[in-house]
Structures are given as structure tokens and as C-alpha cells.
Amino acid sequence: MTEQIVYARTHAEFLNNAFGTDYSGWMRSRWEYDEDTWVWMVRFDSKARQGWINVIISEEEIWEKYIGKEPPTYRNDDKRFRIVVSVEEGMLGREYRVLGTYMLDQEKSTAGCHVLIKVEE
């Protein structure tokens, strides 16, 4: 998949434009694409959000790392794949960059760090 950019004001507008949904609002960073895949819309700006920080290690590897003080309550074992979407503020408004499909690497991942590896499309 070639990186795509979708300009939208909100997650709901992005989902409506990219996936044909009809939401008036969507406040979560994850949307269920199918039974095994999330669309994951997050910022990769080195800022912690709800105790998690998202890091692009390379084009092939992304980490979702927990840095909070309490044990994490969010689990990642119910979906195997993520369509990763980087959310950035751009010149024309909010940019949703579809980076591709990534798979959770169960062997490298821990409760505090989810390792995602890009899959061939």
C-alpha cells in the first residue's frame, strides 16, 4: 500500500471519507475494520497520551510503549492487525497519513510495549 493522505477535520470525517462510514462523531483512536483488524489513528509526536507513547522505529516497525505509573489497563490481544494512520496538523488542516498494515509481533511485545511489524500488502 502506498502511503495515502486524507485531509479531514475529525476522526469521524476521516473514517467517512476513507472507509465509507456515516459517523457524525468518533472520539476513539481505534475503529474496528474487521474481526481481526483495527484502524489505529494516532499521533507520533513523542508526547504521552493516557500513559502511552507511540514511536515509529522504522518504516517496518512501530512501538506503542506504556510509560504510565499504574499497570496498563489497555490490552492489545483481541486484534492481530492494525491499519496505522498517523494524525498530524498540516498546512491544509489535519492530515491522516495511512502508513500501511502492521501486525502485532507477539514474541517481541510485552504488557508495556506493543511491537508492530509492517506486513506485505
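The values are calculated or read from the model by the stated rules, or taken from the named source; none is laboratory data. None of the values given here were measured: they were computed from a predicted structure. Glycine also receives a Cβ, built like all others from the backbone with ideal geometry; neighbour counts cover every protein chain displayed.
Can you report the number of residues in region 21-41 which are assigned to a loop (DSSP other than H, G, I, E, B), surrounded by 11 or more Cβ atoms within 10 Å (Cβ to Cβ) and within 13 Å of the chain's Cα centre (by Cα)? Spell out the reasoning first.
Start the filter on region 21-41 by keeping residues that are assigned to a loop (DSSP other than H, G, I, E, B), which leaves 21-29, 35-36.
Checking the rest, the ones that are also surrounded by 11 or more Cβ atoms within 10 Å (Cβ to Cβ) come to 21, 23, 26, 29, 36.
Narrowing the set further to residues that are within 13 Å of the chain's Cα centre (by Cα) leaves 29.
Number of matching residues: 1.
Of everything in region 1-20, what is in a helix (DSSP H, G or I) and free of Cβ contacts under 8 Å to residues at least 24 places away in the same chain? Give them in sequence order.
Selection gives 12, 13, 16, 17, 19.
Within region 15-31, how many residues turn out to be at pLDDT 95 or above and under 16 Å from residue 102 (Cα atoms)?
Selection size over region 15-31: 1.
Are there any pairs, at least 6 apart or on different chains, whose C-beta atoms fall under 6 Å, with the first in region 77-105 and within 14 Å of residue 43 (Cα to Cα) and the second basic (Lys, Arg) and in a loop (DSSP other than H, G, I, E, B), and if so, which?
87/43
Just checking, how many residues over region 21-44 are more than 23 Å from residue 119 (Cβ to Cβ) and either of a type outside the set (D, E, K, R) or in contact (Cβ under 8 Å) with a residue 24 or more places away in the chain (or both)?
The number of residues fulfilling the criteria is 6.
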